[in-house]
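The values are calculated or read from the model by the stated rules, or taken from the named source; none is laboratory data. This is a predicted model, so every value here is computed, not measured. Don't worry about glycine lacking a Cβ; one is built from the backbone with ideal geometry, like all the others, and counts go over all protein chains shown. Ligands, DNA and RNA are stripped out before the accessible areas are found, and what is left, the full protein with its side chains, is counted by its heavy atoms. Shrake-Rupley method; radii C 1.70, N 1.55, O 1.52, S 1.80 Å.
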Amino acid sequence: MSTEPLRCAGALIVAPDGRLFFQRRSPLRRLFPNCWDIVGGHLEPGETVEEALRREVTEETGWRVSEVLAQVGEYHYVGDDGLARAESDWLVRVDGDLAAPVLEAGKHTEYRWLGPDDVDLLDEHRDVNDGLIRQIAERAFSILRATGS
């Protein structure tokens, strides 16, 4: 069995008004059930981070990445399934109806567009890696402020 962490790509989707997109994972999900999360997932064999980012955005929302703005960071964590992961997260803009994402059936139950003052919501139902998704969001908002994106 490999000791290398699973590689993941995550997208922090930016609305024209500067809010970020988050979706709630289904309570039936094995990893982080009923928790708020960004769009993303594991890289498939032979896939680059950017390819995975684009694929995951389309699979999880129905939108298409139109622009990759900046890297938010790379995060290493162990999921509540006990597996180590290395996740590369990016700020992106998308094409599509931002009021009508097509959430992946059975995987996500709702979505929200959050501003910097709303990030405490992201700690809801988080038992493992408390605060990680909020920290990623705070870093993303900081980059948006610094770059004026």
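Name the residue that is surrounded by the fewest Cβ atoms within 10 Å (Cβ to Cβ), counting only residues in region 74-88 that are among the acidic types (Asp, Glu) and within 12 Å of residue 32 (Cβ to Cβ).
Restricting attention to region 74-88, the residues satisfying the condition of being among the acidic types (Asp, Glu) are 74, 80-81, 87.
With within 12 Å of residue 32 (Cβ to Cβ) added as a condition, the list becomes 80-81.
Numbers: 80: 14, 81: 11.
Among them, the one singled out is 81.
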(request) Please specify each residue of region 99-149 satisfying the condition of being open to solvent by 60 Å² or more (accessible area, probe 1.4 Å), out of contact with any strand residue (DSSP E or B) (no Cβ under 7 Å at 6 or more places or on another chain) and more than 18 Å from residue 28 (Cα to Cα). (result) 99, 102, 116, 117, 118, 120, 130, 135, 138, 145, 146, 148
(request) May I ask you to list the residues in region 45-96 that are closer than 20 Å to residue 140 by Cα and small (Gly, Ala, Ser)? (result) 52, 66, 70, 73, 86, 88
